[in-house]
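The values are calculated or read from the model by the stated rules, or taken from the named source; none is laboratory data. Just so you know, these numbers come straight off a predicted model, no measurement behind them. A quick note on method: Cβ atoms are made from the backbone with ideal geometry, for glycine too, and the neighbour counts reach across all protein chains shown. We work out accessible area using only protein heavy atoms, side chains counted, and drop any ligands, DNA or RNA first. Shrake-Rupley method; radii C 1.70, N 1.55, O 1.52, S 1.80 Å.
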Amino acid sequence: MAISNIKENIPGDIHKVWNMVLDVEGYTWRSDLSRTEVVNEKQFIEYTKEGYPTTFTVTLVEPYKRWEFDMENTNMKGHWVGIFTSKGNETEIDFTENVTPKKFFMKPFVKRFLKKQQAQFVSDLKRELTR
């Protein structure tokens, strides 16, 4: 199991940041995705640029405070927790991923991969919000 956390202040009020992060169908600001698919109100699939799918199942929504989901693909399964805190014209995000690789040989690389993914997500989010 690997746990990775990223905590950052993002430019934009909490409503704007929350709505952007939770808009699964409005993924075009994400540099790592080719498309998304909404399965139902609790489940969606994200596809990487290479077409690799990951399924997400929402487990908790506290509007403008907390979003949680389980995630799974052929390489890993895990849980994600996103905490959003208003800081005036900025929003503090605190995102934690807890992932277990399904393939033993991937274990040493998971945490580094998660850190890279989180940093890219935050970078993409900041770029879009400052447009």
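Hey, can you tell me all the residues within segment 85-122 that are closer than 17 Å to Ile14 by Cα and of a type in the set (S, T, N, Q)?
Thr85, Ser86, Asn89, Thr91 - these are the residues of segment 85-122 that are closer than 17 Å to Ile14 by Cα and of a type in the set (S, T, N, Q).
Being open to solvent by 50 Å² or more (accessible area, probe 1.4 Å), within 22 Å of Thr48 (Cα to Cα) and among the polar types (S, T, N, Q) is the filter here; which residues of segment 1-30 pass it?
Correct list: Asn5, Asn19, Thr28.
Hey, among Val81, Val61, which residue is modelled with pLDDT of 95 or more, among the β-branched types (Val, Ile, Thr) and open to solvent by 70 Å² or more (accessible area, probe 1.4 Å)?
On inspection, the qualifying residue turns out to be Val61.
State which residue pairs qualify: first residue within 14 Å of Trp80 (Cβ to Cβ) and modelled with pLDDT under 95 and inside segment 30-58, second residue hydrophobic (A, V, I, L, M, F, W, C) and surrounded by 12 or more Cβ atoms within 10 Å (Cβ to Cβ) in any location, beta carbons under 7 Å apart, and separation of 6 or more residues or different chains.
Pairs found: none.
Between a residue in segment 79-90 that is without any contact (Cβ under 8 Å) to a residue 12 or more places away in the chain and any residue that is buried (at least 17 other Cβ atoms within 10 Å of the Cβ) and in a strand (DSSP E or B), which pairs come within a Cβ distance under 9 Å, given they are 6 or more apart or on different chains?
none
For the structure I just gave you, tell me whether Lys111 is farther than 24 Å from Val17 by Cα, charged (D, E, K, R), touching a residue at least 60 places away in the same chain (Cβ under 8 Å) and surrounded by 12 or more Cβ atoms within 10 Å (Cβ to Cβ).
yes
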